Each structure stands twice: as structure tokens, then as C-alpha cells.
Amino acid sequence: MENHQRLLEQLMTTHGGPGFEGAVRDVVVPQLHTYAHKVEVDVMGNVVACIEGRGEGRRPRVLLAAHMDEIALVVARIEEGGFLRVAQTGGFDPRTLVGQEVVVHTRGGDLLAVVGSKPPHLTAPEERGKAAPLSDLYLDLAMQESAVRERVRIGDRVTLSREVYLLRNRRLAGKSLDNRASLAILLETLHRLGQFVHQADVYAVATVQEEVGLRGAQTVGFAVQPDVAIAIDVTFGAFPGQAADESFALDAGPAISFGPNLHRKVFQRLVDVAERHRIPYQIELSQTPVGADANALQVAGPGLAAALVGIPIRYMHTSVETGSYSDIEQCARLLAHYIAELDMEQVEDLSCY
């Protein structure tokens, strides 16, 4: 059985904020060539791999989309003394940034820095106990101001610097498990799919710029025009203080989302496949349209039958996102079996309500 855990560890330590996913793309493309007949990179930067199905005539077309960007910061100002102020290009909680190690990505190469803030000894009494806003944080490059201004430009991207921690029970912790975990799911799915004879043409896509508006998914959905589009992402893992209906257990299988913008027949087929093959799963219910790439895929072109699956992770959008590789494998099993059983009769039934 294939296991892409080492590759996932590499992906998690690779840097790639929205619009700057090149280093991640360089890791993903050779891996997709292992399974795909054709791998292309579009103008947006999405990686699109095609695995052809068997059979003559019209074949089902299914798109699997996993975004490869991570949340990041951007240099907004260079202060006196060479300190950097930053802004968001994603969704960092500033409370988690104080004291973190980061990488400033400049045209001349990467620079290490630390996120500094006012020490508690110098904090006014009314400020103590309050989280510092992002505007009060700064990056310290340990360089003279003249050298900083020579190397760093406004607009340079900043990402977290964090090694992967291998915890017990096949769990991993580190930065950008959102959504590099789903790239591992994508590759595990393709490996398992190679053990089946399937009718469907599969488009395995690593999308860009999900964290700033689902932009890569919007364009690739128009370009591929699949019959079924399944976004693979992460959801909230259970931990103390989290509402039970807003989080999901680790090691309990993937979460299959159900919401108004997700096709109910694709959802039900995923559930049926999980139960028939004894794949553990959880159901994530949303009363409003879900986020993630599925939101953009649903309304691409004439509209697509969209679904969303993924694994729970704890501490999302921090430097210690934690998930289970066992959940990755179970999600891949679910997707491989779903695709292997997809035929034109199911596709034609999608428009019958």
C-alpha cells in the first residue's frame, strides 16, 4: 500500500502563500506524473492532471480539487531600525503569531525573522490580558535598517517557519496541514484508483489562491467542465471548549459535507459508498453555502454537481495544525471507491430531482 506521509511532511515545510505557490507546485507536479496521462499548469498556476477512464463513447468526468496555498502575511511597511510591519493574505489569528519564527520571501532569497511584540513588563495595565492586534506586531530580521531596505520590498510574502512534529497514533502537527493534507489525499486516491478499472476520466487538480477567494477553483471549474466536482479540504477537529456540533473527531474518518450548495445525490452516493465499504465517516452539516473550493466549483460555467470532503484537523490556521494520517487514508479510500463506481447512468441522474 502506498503511503505519502513523508511527502506530506515535505509539503508542510514547503512555503507557498496565495499567488506564490511555485515551490509547492514543483513538489506536486512530479508526483502527479506518476499517475496521470497528462499534467499541465494553467495560467492561474493550477496543476491539472488527467487520468483517463476505460470505455468507448461518453465517459463521466470527475474533478478532484485540493488547494495548495497556505495562509501568509505580506510586508506592508519598513519601520525605522529595519523592523517590518505586515498585513494578512489569508486568515492568521494575531494571537498565535507572537514569538513565532517566520520566513520573509524576497527576490534575493529567503530571510529568517521572528515576530516580536512589546514585553509584558512594558505593557500598560489596561493592555495586559488583551491580545495584540496585527498592526502592533513586527518582524525582527536582526539586520541593519539599510540592509533591510536593500533586501526587502513592500509586498514580499511572509510564511511561518516550522518543522513537522510526528506525534503518537500517526498524527502530525505543523504549519499548512491546511491544505497540504488534501494534496496527500489526492495522491493516495490516485494510487488506490490504479487498482480499479474505472470509466470516469479523473482530473486531479492542485488549485491556487483558495485562501484569498477560491480563485483557482473558479477558473479550473470553467476550464474542465466536469460532471462531478469534489473539493478536498480540512474541517475543524474536536478539542476542549469546542462545540460538539462544530467539530469532528480525529481518527474517525473523513467528514462528508452536506449543505445547500452541495449536490445531494453526490453527497448520498459518497455516504452509500462509505457504508458499503465499511469506511468510517462523519457528516458535516451546514445551513449556509460551505466555503472551500466547492463553493466556487458549484457555480462554474453552467453549474457543477459539487461535493466537499476532508479530514478534521485541530488548531486550524496556526503553526501547530494537527491531524491524523489514518484519516487521510480513509478519505482516499472513499474517493477511490466513489470514482471506481461512477458511471454515465449516475451522471444522467444528477439532473433528475
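Every read-out reported here was derived from the displayed coordinates using simple, explicitly stated rules and does not represent laboratory data. All values derive from a computational prediction rather than experimental measurement. So basically every Cβ, Gly included, is an ideal-geometry build from the backbone, and we count neighbours across all protein chains shown.
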| Size of charge dipole - the chain - debye, nearest 20, with Cβ of Lys, Arg +1 and Asp, Glu -1, no other charges | 280 debye
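Express as a percent, rounded to the nearest 5, the fraction of DSSP beta bridges in the range 218-353 (both residues included) that run antiparallel.
20 percent
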| task | Answer with one residue from Leu193, Gln100, Val114: the one whose Cα lies farthest towards the positive end of the charge dipole of the range 69-212, charges on Cβ with Lys, Arg +1 and Asp, Glu -1. | result | Leu193
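What is the Cα radius of gyration of the range 1-157 over 2.2 N^0.38 Å, N being its residue count?
After normalising by residue count via 2.2 N^0.38 Å, the value is 1.39.
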| note | Measuring from its Cα centre, the range 183-310 shows a charge dipole (+1 at each Lys and Arg Cβ, -1 at each Asp and Glu Cβ) which, in debye to the nearest 20, is 340 debye
| request: Name the residue farthest towards the positive end of the dipole of the chain from the options Leu11, Val39, Ala223, assuming +1 on Cβ of Lys and Arg, -1 on Cβ of Asp and Glu, about the Cα centre. | output: Leu11
| field | Highest-MSF residue in the chain out of Asn179, Asn261, Asn169 [GNM, Cα springs under 10 Å] | value | Asn169
| query | Rounded, prolate or oblate: which one fits the range 176-229, using the alpha carbon gyration tensor with axes a ≥ b ≥ c (rounded when a/c is under 1.5, else prolate when a/b beats b/c, else oblate)? | reply | oblate
| query | Taking Rh as the Kirkwood radius computed over C-alpha pairs, what is the Stokes-Einstein D of the range 253-353 at 20 °C in a medium of viscosity 1.002 mPa s, expressed in µm² per second? | reply | 148 µm²/s
| field | Cα-based convex hull volume of the chain per residue, rounded to whole Å³ | value | 147 Å³
| task | Sorted from largest down, give the three principal axis spans of the alpha carbons of the range 294-335, whole angstrom values. | result | 39, 26, 9
| query | In the range 58-101, what trypsin sites (Lys or Arg not before Pro) fall in a loop by DSSP, with at most 15 other Cβ atoms inside 10 Å? | reply | Arg58
| query | Expressed as a whole number of Å, what is the distance separating the alpha-carbon centroids of the range 1-50 and the range 296-324? | reply | 17 Å
| note | For the range 214-351, whose charge dipole is built from +1 on Lys and Arg Cβ atoms and -1 on Asp and Glu Cβ atoms, the candidate among Thr288, Pro240, Ala305 with its Cα farthest towards the positive end is Pro240
| query | Which shape class applies to the range 184-285: rounded if a/c is under 1.5, otherwise prolate when a/b exceeds b/c and oblate if not, where a ≥ b ≥ c are the square roots of the Cα gyration tensor eigenvalues? | reply | oblate
| query | Over the chain, what is the relative contact order in whole percent, taking alpha-carbon pairs under 8 Å and six or more residues apart? | reply | 23 percent
| query | Between Ile283, Ile256, Ile230, which gets the highest mean-square fluctuation from a Gaussian network model of the chain, Cα cutoff 10 Å? | reply | Ile283
| field | Electrostatic dipole magnitude of the range 1-119 [Cβ: Lys, Arg +1; Asp, Glu -1; Cα centre; debye, to 20] | value | 260 debye
